[in-house]
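Enquirer: The structure that follows is given in the form of structure tokens.
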Amino acid sequence: QSNLDYIGQAVELAKEYFTTIGLEIYPLNSDEYAFLHEKGADFVSVYQETYDPIFYKEVHLKGPKRDFSYRFNAQERALMGGMRGVGIGALLGLHNFRNDALACKVFTAEISSCRNQLFCSQTASLH
């Protein structure tokens with residue numbers, strides 16, 4: 001896991017060559033997302049492997065990733081930190097792919113309905 005300062009430096013460097021910067025990164029606090037936004041990041045993607053909180057705990061046995069709610073709310077914190085958009089995805093096939101696909105769609109619609117001019121992308125990764 002790269003530290004935040006290193007990622008911020010990479011964003012600054014990328015900003016010299018690209019007009020829009022998107023990150024796929026582990027969940028952060030809103031002030032950390034704000035730091036990356038100040039460095040030049042526009043978008044962030046955080047993938048929720050499954051939207052089933054019980055199964056989620058079965059595949060994440062320890063460490064910070066075990067906190068389902070913290071990961072689930074990452075996109076909201078990114079938007080609070082100033083990001084223009086978020087990427088949302090599920091690892092389809094890890095658990096019940098139909099439920100996860102529907103939950104991903106509902107989550108995307110919920111976030112999108114609360115904001116004007118939000119860029120929101122969905123990604124499905126097959127397991």
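The values are calculated or read from the model by the stated rules, or taken from the named source; none is laboratory data. Note that the coordinates shown come from a computational prediction; the quantities given were computed from them, not determined experimentally. Ideal geometry is used to build each Cβ from the backbone, glycine not excepted, and the neighbour counts take in all protein chains shown. Heavy atoms of the whole protein, side chains included, go into the accessibility calculation; ligands, DNA and RNA do not. Shrake-Rupley method; radii C 1.70, N 1.55, O 1.52, S 1.80 Å.
Enquirer: When the accessible area of the range 26-109 is split by element with a 1.4 Å probe, what percent falls to carbon and sulfur?
Expert: Within the range 26-109, the accessible surface is 58 percent carbon and sulfur.
Enquirer: Then there's this: At q = 0.10, 0.16, 0.21 Å⁻¹, what is the log10 ratio I(q)/I(0) for the chain, with the Debye formula run over Cα points and no solvent?
Expert: At q = 0.10, 0.16, 0.21 Å⁻¹ the computed log10 ratios are -0.32, -0.79, -1.22.
Enquirer: Sticking with this one: For the chain, give the magnitude of the charge dipole about the Cα centre (Cβ charges: +1 Lys/Arg, -1 Asp/Glu; no others), in debye to the nearest 20.
Expert: It comes to approximately 300 debye.
Enquirer: Just subtract the alpha-carbon distance of residue 4 and residue 70 from 0.36 nm times their residue separation and send over the number in nm, one decimal.
Expert: Details: separation 66, 0.36 × 66 = 23.76 nm, distance 1.76 nm.
Result: 22.0 nm gained on full extension.
Enquirer: Counting only heavy atoms of protein chains, what accessible area per residue, in Å², does the range 2-125 have with a probe of 1.4 Å?
Expert: Details: 7140 Å² over 124 residues.
On a per-residue basis, 58 Å².
Enquirer: Extension gain residue 12-residue 96, at 0.36 nm per residue separation less the Cα-Cα distance, in nm?
Expert: Result for the pair: 26.3 nm of gain on full extension.
Enquirer: Residues with amide H under 5 Å of residue 28's amide H, sequence separation 5 or more or different chain, H placed in the peptide plane at 1.01 Å from N; which?
Expert: Residues meeting the criterion, in which the H sits 1.01 Å from N, do not exist here.
Enquirer: Quick one: if the Förster radius is 22 Å, what FRET efficiency do residue 62 and residue 26 give, using the C-beta to C-beta distance and rounding to 0.05?
Expert: The computed FRET efficiency comes out at 0.90.
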